There are 2 protein chains.
Amino acid sequence: MRTVNEKIEQLRTLMRDKGIDVYYIPNEDDHLSPEYTADYFKCKYFMSEFEGAGCMIITQDFAGLWTDGRYFTQAESDLKGTCIELMRMRQPGVPAPMAFLVEQTPENGCLGFDGHVVSAADTVMLKKALKKKNAKIHLDDDLVGILWEKERPAMPEEPLYVLPKKYTGETPAERIRRVREAMKKKGADVLVLTTLEDPCWLLNVRGNDIECTPVAYVFAIVTHRAVYYYVDKKRITDAVKKHFKKYKVTVRPYQGMRKDLEKLQNKTIWADMRSFNAIDYSRISTENQIINESSPILAFRACKNAAEIRNTRHAHVKDGVAMVKFLHWLKTNVGKIPMTEISAQDRLYAFREEGEGYIEPSFPTISAYKGNAAMLHYSASEKSNAVIHPEGFLLVDSGGTYFDGTTDITRTIALGPLSEEEKKYFTLVLKGMLALTRAHFLYGTTGNNLDILARGPLWDIDIDYQCGTGHGVGHVLAVHEGPHGIRWGMPANNRANAVLEPGMIVSNEPGVYLPHKLGIRTENELLTVKGKKNFYGQFLHFETLTYCPIDLDAVDTQYLEDVDIQQLNAYHEDVYKTLSPYLEGEVLEWLKEATRRITR
Amino acid sequence: MRTVNEKIEQLRTLMRDKGIDVYYIPNEDDHLSPEYTADYFKCKYFMSEFEGAGCMIITQDFAGLWTDGRYFTQAESDLKGTCIELMRMRQPGVPAPMAFLVEQTPENGCLGFDGHVVSAADTVMLKKALKKKNAKIHLDDDLVGILWEKERPAMPEEPLYVLPKKYTGETPAERIRRVREAMKKKGADVLVLTTLEDPCWLLNVRGNDIECTPVAYVFAIVTHRAVYYYVDKKRITDAVKKHFKKYKVTVRPYQGMRKDLEKLQNKTIWADMRSFNAIDYSRISTENQIINESSPILAFRACKNAAEIRNTRHAHVKDGVAMVKFLHWLKTNVGKIPMTEISAQDRLYAFREEGEGYIEPSFPTISAYKGNAAMLHYSASEKSNAVIHPEGFLLVDSGGTYFDGTTDITRTIALGPLSEEEKKYFTLVLKGMLALTRAHFLYGTTGNNLDILARGPLWDIDIDYQCGTGHGVGHVLAVHEGPHGIRWGMPANNRANAVLEPGMIVSNEPGVYLPHKLGIRTENELLTVKGKKNFYGQFLHFETLTYCPIDLDAVDTQYLEDVDIQQLNAYHEDVYKTLSPYLEGEVLEWLKEATRRITR
């Protein structure tokens, strides 16, 4: 096994051979998936052995890894002993990666990257910026791929499957019709679907290509007459073939999209340059007109239809049952039987697997004890796996993908006596979570307008959780999706700030993270629903989809107002009413106690 | 006197003569002042006799007046009996004026407006949109000016004056240096100051050209060597002449800027096309490069320096003393002596005039009784002037410009017994005002992130106040200024959403307005100040600048949380401590009672 430093030296040799001064290794795949990718694309991980989100930039005398606040602690630990410098994104004095690439590329120099995994939008921006320096971009070589060759995982090959209408509520024909209507409205002849989720949603097909996300590596093109689906043909089962025949979908080879793009002449093409890789995009003749906007499917899939909402509710009830069994097991056994972060997590996986229609976890479970929980996207490894004692907090952030829908929930569980400070933080996180849940707002409101409700109680004590408060949740798709979210700051820097529409699901997950000390997060999923419509407009509010008790052993009521206490009691009453029919005996008794009314 | 309908018919005749299909009459002057203008520019008022903010669009078979939620009730009343249709901006189904102009202009047709009072930005946008219809724009004729000729007020002619350094804290030399540094950073050779406020701030000069706003009709151009000041020369007193000589400011005729703009060749010119009128802007040769951004002075003047803050605090104490005298007079005399909206307002003017260094009201006082207060920008006229009885609410929104600084305050006063509903609304408005006041936030936060704190308690009962929560306040300049504000919605539609910086002043003024029934608003001014700086960044919060009791007779504590009651008591304690040294006898006694502690 080569060390990280050896691999970086090998890369530098290749850079010198190719005349590349600065090499950029992003986090994305050839669809610019913003978060999770197939192992084949994990070049940054191969080079740095850091698994979190981020990117690398390498020159002959510098190697840096950029990551955001969620991963600072984890990256510090992973990069120890390597020559890689940790670049803490959005911290004072830390340049943004794109600005750094431009700055580091010398006059008349060369910036390199694999153009399959960098967006057309970024590439255009970089070209423009480097023009002033008379520097060029080399995007035809995947240098990490050259180093990785022998050990590199293959592209996914598993068969695809159809997700029946009873789960999605719409046939592909209906969805294709809606998409074509949107294309007509924009005057688009051709729509290129470059994200992994869009073709899945459009055609009610799913795959198993990315760990914890039921998507498939395909591209699609929609015209007013045809739908083309670009995929490795051996992955199409007879059932999928029949399904595609019914909905007039033409299957083409995965690499075939490039040729079809080359054929387009004088068309108006709707394509999002942020998810279109630079190499494929370059095949489109400039004689065509480009509508460079998010695909209409982004908004369509965010607004769940009645069937998707009904099914998602079912998924959440099953998920709540699994969580209650887990919490009961954890709280009653801690200190009595041996327990680690991983054994606890395995136990939760086992409970979720009992749920009908369960497919897989919707993301890698975070089971983090005490200081480990300060790492926002911690994943217990054999090395880090902490033994759990009857004291402090265990933070468990987990979710399931069911055929019905996708869940995401975090509970922080008191395993024994807590300090006053721990209770204070837990209660202020809860206070923010409750305040956002009871938001009541006019149509036109964005997550940017609401974030302070969840974050405020922590800002009030000079603490920030350094990440968004909430993200959209897909339906049997990615657990993180746009176009909406709950974030603060200048929305220009914020791609996930769409107006909240009825049917949108969003997570509500404030937290407190004190490096090496503790991590607390409480997360419920919220559904946006219509309220009163009057003279002022359409009011909206949230309905909670998640049913699971919040640990009352960690609540200190001195930090709550009356309105918070009433709301918490009402929520717990609801949890008991909803889940109790599915539980019995000791677990049911435990739930009754866990959802008891509290007073000051 | 011609009627409104007659004037519109005359305009239609002129439009036919000139071959204009659609005529646009905006609200602005030749500096695109967003709110108040000299009477000379009040074309929309001349045509419609509606005094609020808004614009008109006229065709041969349509005349419409667009205004926003603050003015709906007032416009309904003012437009009664005219042929003008009220277009309620941002209400469902109501097109935006710009979109309507484009839509109404026929193929091969002609859109007309006076290019002196429409921005270069809007004109470019309209030209682009009309190109598809092969329609043209006629911007050289001020058709309303032709109709108005005989009665039209003259351009302002009063002398200008110097505002000494003891008030502004900086000399023009220091300010010019800061501006040139900003120009250097942007690579600008020339900065064109088109707003009325920018030259006033830069050179510590004020005027009396607009009612209630101490600005002057001048343009200015700053280069790295010179400052040119375009003004009607007879307005320059000897003192101003001496001041300009000291700071090397060259005075040129008001209309002379056009010629100087024509001379610019191959320069990089910083100019905001939103405040640059289309006719002047058209004089700039396209060989120059334009940096189309807000002038750097917008941000400079928003962040008050130490002297401006100290002086503004003094102004607020004087203002609070006047307000307390007024409130005492009002509450003790109502029902005993005859009283109207106008007589009350005159009494308040008289108390303010007792303040040292008082110049004028900072905007037209709103003294509005009962249903009249539902009109957000109501101004009592002889016709509307209501008699005040010892019942219901009087809303008084007023402010003063002092040499020290500018104030803006609203109090809603209970004149007698109130209904349960009135108390509920008053208390929820107060609750929102208090919540925004105690906001505690990280650097990077915008008003868009905070608006919900003030608005939330009203949204919770399905009521909206249909306007922003807060605006920036100038220093001895306009009472409404950017670049910040407290508003909700999509920030793309929102020009006043800058990051909140230390030294920024912003108003905090939620309200409830029920047409024909009541209007409640409580407004304090807030100063943005630094709090703790730690691992997470720089925390900020607000300090209240306004000292004046909030009417406890209208508070129903059942709608407040403990935190609200504590905060209200602390505020009242502060008000008493600050103002009591300046009061005595009966008024002091009254203040003591008005600032009493309350409990549940």
### Query
Based on what the data block shows, is residue A:504 modelled with pLDDT of 95 or more and out of contact with any Phe, Trp or Tyr (no Cβ under 7 Å at 6 or more places or on another chain)?
yes
### Task
Please enumerate the residues belonging to the stretch A:114-145 that are more than 30 Å from residue A:236 (Cβ to Cβ) and touching a Leu at 6+ places or on another chain (Cβ under 6 Å).
A:137, A:143
### Query
From the list B:393, B:403, which one is aromatic (Phe, Trp, Tyr), touching a Phe, Trp or Tyr at 6+ places or on another chain (Cβ under 8 Å) and more than 20 Å from residue B:324 (Cα to Cα)?
B:403
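Has the stretch B:526-545 got at least one residue that is within 30 Å of residue B:386 (Cβ to Cβ) and among the aromatic types (Phe, Trp, Tyr)?
No - not one qualifying residue is present in the stretch B:526-545.
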### Message
Among the residues in the stretch B:190-208, are any open to solvent by 10 Å² or more (accessible area, probe 1.4 Å), touching a residue at least 40 places away in the same chain (Cβ under 8 Å) and over 20 Å from residue B:29 (Cα atoms)?
### Response
no
### Message
Step by step: first the residues of the stretch A:525-551, then only those that are among the β-branched types (Val, Ile, Thr) and over 22 Å from the mean Cα position of the chain (by Cα), then the one that is nearest to the other protein chains (Cβ to nearest Cβ). Which residue is that?
### Response
A:529
### Message
Looking only at the stretch A:238-268, count every residue that is within 16 Å of residue A:191 (Cα to Cα) and open to solvent by 100 Å² or more (accessible area, probe 1.4 Å) and tell me the total.
### Response
3
### Task
Inspect the stretch B:492-505 for any residue being more than 9 Å from every other protein chain (Cβ to nearest Cβ), outside any loop (DSSP other than H, G, I, E, B) and either hydrophobic (A, V, I, L, M, F, W, C) or within 25 Å of residue B:574 (Cα to Cα) (or both) and give the result as yes or no.
yes
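Here's the yes/no breakdown for (1) open to solvent by less than 10 Å² (accessible area, probe 1.4 Å); (2) of a type in the set (Phe, Trp, Tyr); (3) in contact (Cβ under 8 Å) with a residue 40 or more places away in the chain; (4) in contact with a Gly (Cβ under 9 Å, 6 or more places away or on another chain):
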position: A:93; (1), (2), (3), (4): no, no, no, no
position: A:97; (1), (2), (3), (4): no, no, yes, yes
position: A:103; (1), (2), (3), (4): no, no, no, no
position: A:107; (1), (2), (3), (4): no, no, no, no
position: A:120; (1), (2), (3), (4): yes, no, yes, no
position: A:126; (1), (2), (3), (4): yes, no, no, no
position: A:132; (1), (2), (3), (4): no, no, no, no
### Task
Give the stretch B:123-147 a look and list any residue that's assigned to a helix (DSSP H, G or I) and of a type in the set (A, V, I, L, M), or say none.
B:124, B:125, B:126, B:129, B:130, B:143, B:144, B:146, B:147
### Query
Does the stretch B:506-517 include one or more residues that are within 14 Å of chain A (Cβ to nearest Cβ), open to solvent by less than 10 Å² (accessible area, probe 1.4 Å) and over 19 Å from the mean Cα position of the chain (by Cα)?
yes
### Query
residue A:484 is checked against (1) in contact with a Leu (Cβ under 8 Å, 6 or more places away or on another chain); (2) open to solvent by less than 10 Å² (accessible area, probe 1.4 Å); (3) in a helix (DSSP H, G or I) and fails just one. What number does that condition carry?
(3)
### Query
When residues of the stretch A:136-149 are filtered for being closer than 13 Å to residue A:109 by Cβ and free of Cβ contacts under 8 Å to residues at least 60 places away in the same chain, how many remain?
2
### Task
Return a yes/no flag: does the stretch B:348-363 have any residue that is open to solvent by 30 Å² or more (accessible area, probe 1.4 Å), more than 18 Å from residue B:326 (Cα to Cα) and touching a residue at least 12 places away in the same chain (Cβ under 8 Å).
yes
### Task
Have a look at A:334, A:321 and point out the one that is farther than 20 Å from residue A:378 by Cα, surrounded by fewer than 22 Cβ atoms within 10 Å (Cβ to Cβ) and touching a residue at least 60 places away in the same chain (Cβ under 8 Å).
A:334
## Note on the structure
Within the stretch A:432-469, the residues that are open to solvent by less than 10 Å² (accessible area, probe 1.4 Å), closer than 30 Å to residue B:91 by Cβ and more than 7 Å from chain B (Cβ to nearest Cβ) are A:436, A:439, A:447
### Query
Only one residue in A:374, A:380 is open to solvent by less than 20 Å² (accessible area, probe 1.4 Å) and within 14 Å of another protein chain (Cβ to nearest Cβ). Which one?
A:374
### Message
I'd like the full set of residues that are over 23 Å from residue B:9 (Cβ atoms) and among the polar types (S, T, N, Q), limited to the stretch B:35-76.
### Response
B:37, B:73, B:74
### Query
Is it the case that the stretch B:471-488 has a residue that's in contact (Cβ under 8 Å) with a residue 40 or more places away in the chain, small (Gly, Ala, Ser) and within 14 Å of chain A (Cβ to nearest Cβ)?
no
### Task
Go through the stretch B:148-157 and give me each residue that's open to solvent by less than 50 Å² (accessible area, probe 1.4 Å) and either in a loop (DSSP other than H, G, I, E, B) or among the β-branched types (Val, Ile, Thr) (or both).
B:152, B:153, B:156
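The values are calculated or read from the model by the stated rules, or taken from the named source; none is laboratory data. A quick note: this is a predicted structure, and the numbers were derived from the prediction, not measured. Cβ atoms come from the backbone with ideal geometry, glycine included; neighbour counts cover every protein chain shown. Just the protein is used for accessible areas: all its heavy atoms, side chains included, with ligands, DNA and RNA removed. Shrake-Rupley method; radii C 1.70, N 1.55, O 1.52, S 1.80 Å.
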